[in-house]
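See below for the structure under consideration.
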2 protein chains.
Amino acid sequence: VSGEFERIAEIRRRAVRRSAFVALGLGDDAAVLRPTDGYATCISTDLLVESVHFRLDWTTPELLGHKALAVSLSDMAAMGAIPRAALFSLATPREGSDALARRLYDGIFALADRFQVEVVGGDTSITPGPLVVDSIVVGEVEHGRELRRSGSRDGDDLWVSGVVGSSAHGLALLASGRRYEDAEGSEREAIRAHLAPEPRVSLGRALVERGLATAAIDVSDGLSSDVRHLCDESGVGVVVDATALPSFGTVDEALDGGEQYELAFSARPDASDAIHALARELSIPLTRIGRFEGASDDVLVEFGGTRSPLHPRGWDHFR
Amino acid sequence: VSGEFERIAEIRRRAVRRSAFVALGLGDDAAVLRPTDGYATCISTDLLVESVHFRLDWTTPELLGHKALAVSLSDMAAMGAIPRAALFSLATPREGSDALARRLYDGIFALADRFQVEVVGGDTSITPGPLVVDSIVVGEVEHGRELRRSGSRDGDDLWVSGVVGSSAHGLALLASGRRYEDAEGSEREAIRAHLAPEPRVSLGRALVERGLATAAIDVSDGLSSDVRHLCDESGVGVVVDATALPSFGTVDEALDGGEQYELAFSARPDASDAIHALARELSIPLTRIGRFEGASDDVLVEFGGTRSPLHPRGWDHFR
């Protein structure tokens with residue numbers, strides 16, 4: 001336990017004060033936050049479990065720390081929120097626990113710096129089992145402007161950012177024995193997409209600020225599952241154009257590959273020019289990949305002139 | 001993964017809408033909260049790991065769910081905050097995972113009902129290791145009125161609520177083979193204090209509303225450790241009167257027993273009458289157990305006329 005107190009003290013020294021949003025950071029029974037007038041607070045949590053979501057022989061503690069924060073930042077991106085603060089709960093194996101936690105926090109703090117996020121709390125424990133990281137992020141978005149999943153309407157376009165399938169392709173490369181440190185070029189890029197995804201925070205913010213999106217979700221379960229979530233919550237169907245997918249690998253990887261952390265969003269057709277302009281401005285590919293129409297269980301994919309049901313394959317990490 | 005979606009759908013059906021505080025609950029990329037004007041937001045997280053913090057053959061999933069929420073509510077109590085919302089991340093063993101999660105949420109929802117807390121999010125995963133529960137609670141407290149650990153001043157009294165040592169005593173009973181379902185009377189009470197502690201939320205709120213406390217902490221690590229935290233953060237020493245401890249078992253259990261979830265707080269001496277009145281009103285024993293004085297490393301315990309250093313023994317759960 002004294003080890004735990006020391007670890008908290010060390011994290012506390014490293015946590016940089018960011019903004020007036022944090023009235024009281026690490027070191028008390030709870031963190032105290034001062035919400036900005038006119039803004040709602042967004043909160044999300046993501047659990048990463050060793051041998052389910054990651055393998056320590058395929059990644060590094062630093063990349064894992066990056067990913068733990070990145071996946072929660074991606075939730076903020078999907079809401080159009082400004083990330084402000086984060087908390088981490090770590091269950092670490094007794095052996096090498098301090099060094100592991102320190103390197104994990106190296107990755108966390110490096111990404112937190114880039115997004116001006118303050119680490120304000122968390123908890124730690126020893127575990128007899130696999131390493132477990134729970135990442136909690138708090139953000140803010142203008143009242144009533146958050147990008148919900150339920151806003152897609154008949155006639156809206158479906159868009160996706162970046163390329164999809166690269167994370168799944170990277171995972172396949174790792175499974176085939178390729179390692180990040182040895183990989184080059186597009187292989188290295190794919191492995192990095194899997195091990196250290198880049199959350200689309202600036203895109204989410206721009207979509208809110210310019211009022212361009214009617215709904216959004218991040219592609220964490222896989223496009224086929226996440227587009228269905230939009231349809232279920234919005235009560236509308238969709239036709240995805242398989243030939244339009246900005247894909248890295250196969251169509252299957254693009255449709256079913258999870259942990260991509262790109263944004264899928266809907267927009268009125270007349271927003272199309274502004275969205276293309278935004279893509280150029282942010283240097284993020286934004287591609288129209290479908291159209292919302294019909295009833296919510298009509299989630300279809302069009303390929304070679306034929307429409308067929310798009311089954312949510314989901315994303316079972318090490319299947 | 002489809003199992004995970006179904007589980008989320010079930011939790012969503014069971015999550016009751018509580019207040020205007022929650023603009024958007026379960027089922028999106030993040031929960032959206034509407035902070036109350038004039039209030040700060042408190043957030044805390046507590047990690048419970050099987051075989052470190054609990055054993056499933058000593059408790060039930062329902063009591064464990066209660067405890068997971070209770071320990072985070074206790075952090076809100078220690079800040080003087082009104083608990084509003086909660087999120088849970090669960091890593092469950094594959095075998096029996098749905099039934100386990102359902103019973104765990106039975107315990108969570110029963111306690112959440114009593115404190116008008118809404119479950120607004122969380123995450124779930126399968127794990128090849130022990131059951132892990134991360135409990136995150138969000139609360140609100142009037143701006144600048146939160147009970148920090150750093151407010152204790154020279155001359156303040158040290159108070160503690162309830163009795164200390166009962167949780168440690170209950171744990172000792174469990175270790176000796178006694179079980180909750182068979183125990184009676186004070187033994188049952190002690191085991192219940194360990195397995196399903198009662199967070200002191202009403203006390204924390206009253207201390208803030210009446211301006212009675214200068215600092216507070218919950219006794220989660222053990223009185224000897226937690227009083228030291230108050231001293232370290234406040235920059236003042238303390239003399240604890242061992243004979244005054246409202247103890248259930250031995251003095252050691254009272255001083256070093258963790259997971260008690262009573263509040264230890266400091267108050268000006270002239271608040272004494274109002275604190276005794278509050279104790280009667282809430283039917284919670286409140287006992288003056290010491291006085292703050294001297295330098296912050298003078299954390300002393302007085303016993304039989306002799307003062308000796310009070311060593312933080314901390315709380316190593318199954319030591």
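The values are calculated or read from the model by the stated rules, or taken from the named source; none is laboratory data. Because the structure is predicted, anything quoted here is derived from the model rather than measured. Note that each Cβ is placed from the backbone with ideal geometry, even for glycine, and that neighbours are counted across all protein chains shown. The protein model used for the area step is the full one, side chains on, heavy atoms only, and it has no ligands, DNA or RNA in it. Shrake-Rupley method; radii C 1.70, N 1.55, O 1.52, S 1.80 Å.
Computed quantities for the displayed model
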{"item": "Qualifying positions in the stretch A:25-38 - farther than 14 Å from residue A:140 by Cα and without any contact (Cβ under 8 Å) to a residue 12 or more places away in the chain", "result": "A:28, A:29, A:32"}
{"item": "Yes/no for residue B:271 being surrounded by fewer than 24 Cβ atoms within 10 Å (Cβ to Cβ) and under 17 Å from residue B:154 (Cβ atoms)", "result": "yes"}
{"item": "Out of A:264, A:254, sole residue that is touching a helix residue (DSSP H, G or I) at 6+ places or on another chain (Cβ under 7 Å), at pLDDT below 95 and not in a loop (DSSP other than H, G, I, E, B)", "result": "A:254"}
{"item": "Whichever residue in the stretch A:110-125 is buried (at least 24 other Cβ atoms within 10 Å of the Cβ) and hydrophobic (A, V, I, L, M, F, W, C) and, among such residues, is farthest from the other protein chains (Cβ to nearest Cβ)", "result": "A:112"}
{"item": "Options A:60, A:41: the member that is surrounded by fewer than 22 Cβ atoms within 10 Å (Cβ to Cβ), of a type outside the set (Lys, Arg) and touching a residue at least 40 places away in the same chain (Cβ under 8 Å)", "result": "A:60"}
{"item": "Residue within the stretch B:212-221 that is surrounded by 15 or more Cβ atoms within 10 Å (Cβ to Cβ), within 20 Å of the chain's Cα centre (by Cα) and charged (D, E, K, R) present", "result": "yes"}
{"item": "Inter-residue pairs, beta-carbon under 6 Å, first more than 7 Å from chain B (Cβ to nearest Cβ) and in the stretch A:126-141, second of a type in the set (Asp, Glu), 6+ apart", "result": "A:131/A:50; A:135/A:46"}
{"item": "Filtered residues of the stretch A:126-154 (kept if surrounded by fewer than 22 Cβ atoms within 10 Å (Cβ to Cβ) and within 19 Å of the chain's Cα centre (by Cα))", "result": "A:150"}
{"item": "Test: residue in the stretch B:151-164 that is within 27 Å of residue B:215 (Cα to Cα), β-branched (Val, Ile, Thr) and in contact with a helix residue (DSSP H, G or I) (Cβ under 6 Å, 6 or more places away or on another chain)", "result": "yes"}
{"item": "In the stretch B:222-246, the residues that are under 20 Å from residue B:192 (Cα atoms) and surrounded by fewer than 23 Cβ atoms within 10 Å (Cβ to Cβ)", "result": "B:246"}
{"item": "Strands (runs of 3 or more DSSP E) enclosed by the stretch B:19-95 - at least 2 residues per element that are more than 10 Å from chain A (Cβ to nearest Cβ)", "result": "B:82-93"}
{"item": "Residue within the stretch A:307-314 that is touching a Gly at 6+ places or on another chain (Cβ under 9 Å), open to solvent by less than 50 Å² (accessible area, probe 1.4 Å) and not aromatic (Phe, Trp, Tyr) present", "result": "yes"}
{"item": "Elements of type strands (runs of 3 or more DSSP E) contained in the stretch A:107-195, each with 3 or more residues being acidic (Asp, Glu)", "result": "A:132-142"}
